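Remarks on the structure that follows.
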């Protein structure tokens, strides 16, 4: 079996956001340098659509070009909408993006208040992925927010649409720490089998099972012949 598990660290985006810590841009840069030295595959370095992170992101991308942060990829998190893609490319030189949108009924209803239904969510995501491809983004991950509470049929439909539009990976987000290690193993296994794309495991530790869920979810992906990507924070 040649498939691998890769580490995608999200400390400088979700880790800081979740713990409500304010890290200086220099501290974030040091984290990226250390993650690279540790052999991490990719760092989610921040939000390329926010003006206050523009200089930090571009400086780190320049460090990557200078081989100071290399070979680790630097990737930005944005919403899965065309305007975010365009703004990220306008403000930064980022070439790797994760595009995120809610997929569960609870979050679609709560966030969008009837503005979007489930078909609209897919269309908005597909348009964003296609726009990212048009603007030269090299790798695109599509995040299914609250995937753990999303019906499996719809999650597969969403992921297949992302793949057709040009996505490279699907991020399975356990946004509320809802999963358990057994359930996520079989859901990720079924998702991989249906979609035939690498899957990212993004698990939260509300119930103390983030590591177990990430590992067993990745195992399900590997069993179906795809690479798995585990999100971490340090």
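Values as computed for the structure displayed
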read-out	value
Some residue of segment 114-130 being closer than 19 Å to residue 228 by Cα and modelled with pLDDT of 95 or more	no
Listing of strands (runs of 3 or more DSSP E) fully contained in segment 154-234 that carry 2 or more residues being under 19 Å from residue 104 (Cβ atoms) and free of Cβ contacts under 8 Å to residues at least 60 places away in the same chain	169-174, 199-203
Candidates 53, 65, 82, 27, filtered to the one that is without any contact (Cβ under 8 Å) to a residue 60 or more places away in the chain, closer than 29 Å to residue 125 by Cα and surrounded by fewer than 20 Cβ atoms within 10 Å (Cβ to Cβ)	82
Test: residue in segment 176-184 that is modelled with pLDDT of 95 or more and closer than 27 Å to residue 34 by Cα	no
Residue among 34, 99, 63, 45 that is modelled with pLDDT of 95 or more and within 14 Å of residue 137 (Cα to Cα)	99
Residue within segment 225-234 that is more than 15 Å from the chain's Cα centre (by Cα) and over 29 Å from residue 88 (Cβ atoms) present	yes
Of all residues in segment 116-138 being within 14 Å of residue 102 (Cβ to Cβ) and touching a helix residue (DSSP H, G or I) at 6+ places or on another chain (Cβ under 7 Å), the one that is surrounded by the fewest Cβ atoms within 10 Å (Cβ to Cβ)	118
Residues (on the phi < 0 side of the Ramachandran plot and more than 12 Å from the chain's Cα centre (by Cα)) located in segment 37-46	37, 38, 40, 41
Meets criteria (in contact with a helix residue (DSSP H, G or I) (Cβ under 7 Å, 6 or more places away or on another chain) and farther than 19 Å from residue 172 by Cα) for residue 91	yes
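Condition check ((1) crowded, with 19+ Cβ neighbours inside 10 Å; (2) over 30 Å from residue 92 (Cβ atoms); (3) over 17 Å from the mean Cα position of the chain (by Cα)) across all residues:
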| position | (1), (2), (3) |
| --- | --- |
| 148 | yes, yes, no |
| 157 | no, yes, yes |
| 171 | yes, no, no |
| 191 | yes, yes, no |
| 199 | yes, no, no |
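The values are calculated or read from the model by the stated rules, or taken from the named source; none is laboratory data. In this text, all values refer to a predicted model and were calculated from it rather than measured experimentally. Backbone-built Cβ (ideal geometry, glycine too); neighbour counts: all protein chains shown.
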